[in-house]
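Let me begin by presenting the structure, written as structure tokens, before commenting on it.
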Amino acid sequence: MIKFFISIGICLSVTIVYAVDIPLEFEDTAQQQRYQQLLDELRCLVCQNQTLADSHADLAQDLRSQVFSMVSEGQTNQAIVDYLVTRYGNFVLYRPPLNAYTALLWFGPFILLIFAFIVVYRLAKSKKVGDVKLNQEDHLAASKLLNQSDSNNQG
Amino acid sequence: MLKYLIPLIVFSCLVILFVFGLQNDPSIVPSPFIDKPLPQISLPTLSDPSVSLDTSDLKGEVTVINIWATWCIPCRQEHALLVDLANNNDVKVIGMNYKDNRDNAMKWLEDLGDPYNIVLFDEDGKAGIDLGLYGVPETFIIDKNAIVKHKHIGPLTEKDISDTIIPMINELKITPLINELNTEL
């Protein structure tokens, strides 16, 4: 039983773990924030569903140290991102840029939404019940049915 | 009648989309260097650290660049094929030993054969990053003007070599070299 509680405790104590190599020394917290922010937006190419910050892959470690040295040198975020994009393509970006290749990715959902609106509109329109012309016989049949249900309710 | 066919048509479109999607391997990231000049890299050779080679020296000949390491198991699988390729074809094969140990790498070439004209030694993996390397082994083919024409990620198979690599080398061999004047511009 104690073991059970210990294991539950261990499970609950697990939080988000960043892959940490060596303790990094930043000049100021702004640099550290920049570093962390960059790593969170860059994809590891080996484990593609992980960011550079999360991945334990060897290459991710190398790229982290590369990003660290570029941040320490005071290079801009744009320069660092460009450095990686020229080598690995836009694939390293978790936020793909808008260009001819990614236009469908960006606008596809809106096109589908417009399409869905058109379908719904047309369906709704075709189901619309217009004025129905009733003749004498229909009126009689209707009032007969109504009266019938009235008397049923009363009885 | 057409109304009842619509779901079937939509379903068929989805199936086509999925089949198309499944044939793409997401682990293969297209190289941004295709049809671009090979990045400038200068590395010492494996056998002699005092000698170094610059990638701009590769102009003038169709070259296969193979990146390998002794710790890489698929490299062992592909190595015999590279030895065959180098022996049976008139092509320059350059090796790049990635994040490895010199002695291990030398022993590997002694034991398994050496298909490479020159082997470069990338100890810290920096040159690997410059080439956009993310999985060893990787193989590039560059043309006479040192323009990257093909990148293969992962171990080469017999089929890759006979269907892609060799035809590409032969095709690139007959394409003319842009003369010096143009490249300087």
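The values are calculated or read from the model by the stated rules, or taken from the named source; none is laboratory data. Note that the structure is a prediction, hence the values are computed from the model and not measured. FYI the Cβ positions are ideal-geometry reconstructions off the backbone, even for glycines, and counts take in every protein chain you see.
Just one of B:143, B:114, B:124, B:130 is surrounded by 15 or more Cβ atoms within 10 Å (Cβ to Cβ), charged (D, E, K, R) and more than 15 Å from the chain's Cα centre (by Cα); which is it?
Unique residue meeting the criteria: B:114.
Take the residues in the range B:92-101 that are closer than 26 Å to residue B:61 by Cβ and within 14 Å of another protein chain (Cβ to nearest Cβ), then tell me which one is surrounded by the most Cβ atoms within 10 Å (Cβ to Cβ).
Among those that are closer than 26 Å to residue B:61 by Cβ and within 14 Å of another protein chain (Cβ to nearest Cβ), it is B:98.
Which is away from chain B (no Cβ under 14 Å) and either surrounded by 11 or more Cβ atoms within 10 Å (Cβ to Cβ) or closer than 17 Å to residue B:126 by Cα (or both), of A:107, A:117, A:68?
Result: A:107 is the single residue among A:107, A:117, A:68 that is away from chain B (no Cβ under 14 Å) and either surrounded by 11 or more Cβ atoms within 10 Å (Cβ to Cβ) or closer than 17 Å to residue B:126 by Cα (or both).
It is to be established whether one or more residues within the range B:164-171 are touching a residue at least 12 places away in the same chain (Cβ under 8 Å), surrounded by 15 or more Cβ atoms within 10 Å (Cβ to Cβ) and within 14 Å of chain A (Cβ to nearest Cβ).
Looking for residues that are touching a residue at least 12 places away in the same chain (Cβ under 8 Å), surrounded by 15 or more Cβ atoms within 10 Å (Cβ to Cβ) and within 14 Å of chain A (Cβ to nearest Cβ), one finds none in the range B:164-171, hence no.
Would you pick out the residues in the range A:90-118 that are modelled with pLDDT under 90 and either over 20 Å from the mean Cα position of the chain (by Cα) or in a loop (DSSP other than H, G, I, E, B) (or both)?
A:94, A:95, A:96, A:97, A:98, A:99, A:100, A:101, A:102
Which of the numbered conditions does residue B:14 fail, given that it passes all the others? Conditions: (1) away from chain A (no Cβ under 14 Å); (2) over 30 Å from residue A:85 (Cβ atoms).
Against the list (1) away from chain A (no Cβ under 14 Å); (2) over 30 Å from residue A:85 (Cβ atoms), residue B:14 comes up short only on (1).
Go through the range B:102-130 residue by residue and tally those that are in contact (Cβ under 8 Å) with a residue 24 or more places away in the chain and within 14 Å of chain A (Cβ to nearest Cβ).
7
Residue by residue, here is whether (1) modelled with pLDDT under 90; (2) farther than 21 Å from residue B:132 by Cβ; (3) among the hydroxyl-bearing types (Ser, Thr, Tyr) holds:
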{"position": "A:2", "(1), (2), (3)": "yes, yes, no"}
{"position": "A:23", "(1), (2), (3)": "yes, yes, no"}
{"position": "A:29", "(1), (2), (3)": "yes, yes, yes"}
{"position": "A:35", "(1), (2), (3)": "no, yes, yes"}
{"position": "A:40", "(1), (2), (3)": "no, yes, no"}
{"position": "A:60", "(1), (2), (3)": "no, no, no"}
{"position": "A:64", "(1), (2), (3)": "no, no, no"}
{"position": "A:87", "(1), (2), (3)": "no, no, no"}
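Could you list, in sequence order, the residues of the range B:131-142 that are over 28 Å from residue B:177 (Cβ atoms) and within 8 Å of chain A (Cβ to nearest Cβ)?
Residues satisfying the conditions are B:134, B:135.
Within the range B:71-93, identify whether any single residue is of a type outside the set (Ser, Thr, Tyr), part of a strand (DSSP E or B) and closer than 14 Å to residue B:117 by Cα, and answer yes or no.
Yes, the range B:71-93 contains at least one residue that is of a type outside the set (Ser, Thr, Tyr), part of a strand (DSSP E or B) and closer than 14 Å to residue B:117 by Cα.
Just a yes or no: is a residue in the range A:89-96 of a type in the set (D, E, K, R) and either within 13 Å of chain B (Cβ to nearest Cβ) or surrounded by 11 or more Cβ atoms within 10 Å (Cβ to Cβ) (or both)?
Looking for residues that are of a type in the set (D, E, K, R) and either within 13 Å of chain B (Cβ to nearest Cβ) or surrounded by 11 or more Cβ atoms within 10 Å (Cβ to Cβ) (or both), one finds none in the range A:89-96, hence no.
Exactly one condition in (1) within 26 Å of the chain's Cα centre (by Cα); (2) more than 11 Å from chain B (Cβ to nearest Cβ); (3) without any contact (Cβ under 8 Å) to a residue 24 or more places away in the chain is not met by residue A:77; state its number.
The one condition residue A:77 does not meet is (3).
Does the range B:48-64 include one or more residues that are surrounded by 15 or more Cβ atoms within 10 Å (Cβ to Cβ), within 20 Å of residue B:112 (Cβ to Cβ) and either modelled with pLDDT of 95 or more or among the hydrophobic types (A, V, I, L, M, F, W, C) (or both)?
Within the range B:48-64 (the criterion being surrounded by 15 or more Cβ atoms within 10 Å (Cβ to Cβ), within 20 Å of residue B:112 (Cβ to Cβ) and either modelled with pLDDT of 95 or more or among the hydrophobic types (A, V, I, L, M, F, W, C) (or both)), the answer is yes, since at least one residue qualifies.
Take the residues in the range B:18-42 that are farther than 30 Å from residue B:60 by Cα and within 12 Å of another protein chain (Cβ to nearest Cβ); name whichever of them is surrounded by the most Cβ atoms within 10 Å (Cβ to Cβ).
The selected residue is B:27.
Tell me which residues, restricted to the range A:34-56, are more than 14 Å from every other protein chain (Cβ to nearest Cβ) and charged (D, E, K, R).
A:34, A:40, A:41, A:54
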